[in-house]
Each structure stands twice: as C-alpha cells, then as structure tokens.
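The values are calculated or read from the model by the stated rules, or taken from the named source; none is laboratory data. Note that the coordinates shown come from a computational prediction; the quantities given were computed from them, not determined experimentally. We place every Cβ from the backbone using ideal geometry, glycine too, and count neighbours over all the protein chains shown.
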Amino acid sequence: MLVYSMGVSVDGFINDREGGFAWTAPDEEQFLLHNALVGALGTYLCGRRLYETMLPWETDPSMRSNEIQTAFADIWCALPKVVFSRTLTSVEGNARLATGSVEQEVAAALDATSKDVSIGGATLAAQAIELGLVDELQMFRNPVIVGGGTPHLPPVTDDVPLVLRETTTFGSGIVYERYRRATGEPAQP
C-alpha cells in the first residue's frame with residue numbers, strides 16, 4: 001500500500017507563505033506515533049526538499065537528544081529511501097536517487113517489500129495522487145491557519161472518495177487523521 005503522510009495546517013498547507021513549518025514539529029506524544037508509523041514502512045520515497053529536511057536525522061548527533069528521538073533516528077536511518085531530484089547528483093545515508101518515473105519507482109518499491117511504502121513531499125505526492133497510486137492519506141492536522149504556502153493536496157479533476165479509518169487527538173490539539181481510498185467496503189473503526 002502507498003501512504004502519503006504529512007503535517008498540515010487547518011487550511012491545508014504543509015508550510016507557510018515563507019516556507020516555514022516549525023508549527024509541525026512533533027511533541028513527545030506524537031513522536032511515539034511517528035516511530036510506530038515509520039517503523040512499519042518498507043521504503044520511503046521523497047522529494048529533494050523533504051530529503052534535505054530529514055537528512056539531519058541520519059547525520060546530526062544532536063537529533064538524538066532523548067530516548068524517543070534516538071529511536072526515531074534509528075528507525076529513519078534503517079529505512080531505505082528513494083530520492084526524486086533533478087538537481088542532486090548524490091545522496092547520503094540509506095538512500096538512492098530515483099532513476100525511474102514516479103510510477104516505476106512506486107511499483108518497484110511496493111514489489112520489493114511486504115510492508116507499506118510511504119511517499120512524502122507535497123510535489124512528489126501530488127504526482128502519485130494524480131496517477132491514482134496513493135492508497136492512504138495520513139494527516140497530522142495542526143491547529144493553525146497559515147493563509148498560504150505549499151498545498152497539502154493537488155487539485156484533482158475527478159473526486160477521490162475516501163473512508164475515514166482512524167483519528168487521534170493529541171494533548172497539543174493536533175489531530176491525526178487516517179483515510180483509505182474507498183474501494184466499496186464499509187468503514188471500519
């Protein structure tokens with residue numbers, strides 16, 4: 001299954017008008033869920049900007065400031081990553097540059113693991129959504145309106161029916177929402 005998981009503002013952006021996203025930083029409670037979600041993945045496909053944002057988890061020892069963050073860093077370092085970029089010539093850590101199209105790389109990643117595969121970065125995920133490849137959306141909806149920035153979801157030409165599978169409200173007010181693409185089966189709690 002291909003999963004798209006991102007932090008998002010109430011008004012639907014992954015960053016603000018200046019590109020900032022400090023408001024998406026997870027607290028300890030959310031880190032526990034992130035550790036479980038990322039730990040269950042077989043591969044992570046990401047765009048260049050997300051790869052560069054997440055690279056410190058593989059290279060900067062200060063990211064291991066407590067037990068939960070150390071656990072996340074260990075999980076992230078072990079996870080194979082495929083980076084889509086037109087400008088990078090090399091990548092670090094447990095990553096490789098994509099050589100195929102989004103459709104080809106998604107198919108190869110899904111074929112290579114029995115686990116879910118995640119795709120991140122709004123631009124890259126938009127391509128996968130437009131191709132009908134994304135099976136599940138996971139949103140960490142932050143209680144903030146930013147009024148502009150990078151949209152979480154692309155405009156679509158046809159409706160994409162979803163089934164709500166799970167919600168969790170954190171003490172911080174952030175709401176985790178998990179939606180599966182509707183396939184005719186009834187909703188499950």
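Only residues that are more than 30 Å from Ser9 (Cβ to Cβ) and either loosely packed, with under 15 Cβ neighbours inside 10 Å or at pLDDT below 95 (or both): list them for the range 108-125, please.
If the condition is that a residue be more than 30 Å from Ser9 (Cβ to Cβ) and either loosely packed, with under 15 Cβ neighbours inside 10 Å or at pLDDT below 95 (or both), then Asp111, Ala112, Thr113, Ser114 are the ones that fit.
Within the range 151-172, which residues are over 28 Å from Glu18 (Cα atoms) and either under 18 Å from the mean Cα position of the chain (by Cα) or basic (Lys, Arg) (or both)?
Hits for the range 151-172 are Leu162, Leu164, Arg165, Glu166, Thr167, Thr168.
If Gln30 passes every condition in (1) assigned to a helix (DSSP H, G or I); (2) closer than 24 Å to Leu133 by Cα; (3) not β-branched (Val, Ile, Thr) but one, which one does it miss?
Answer for Gln30: the failing condition is (2).
List the pairs whose first member sits in the range 131-147 and is β-branched (Val, Ile, Thr), whose second member is part of a loop (DSSP other than H, G, I, E, B), and whose Cβ atoms are under 8 Å apart, counting only residues at least 6 apart or on separate chains?
Note: pairs meeting the criteria are Val144/Val10; Ile145/Val10; Ile145/Asp11; Val146/Asp11; Val146/Asn15; Val146/Asp16; Val146/Arg17.
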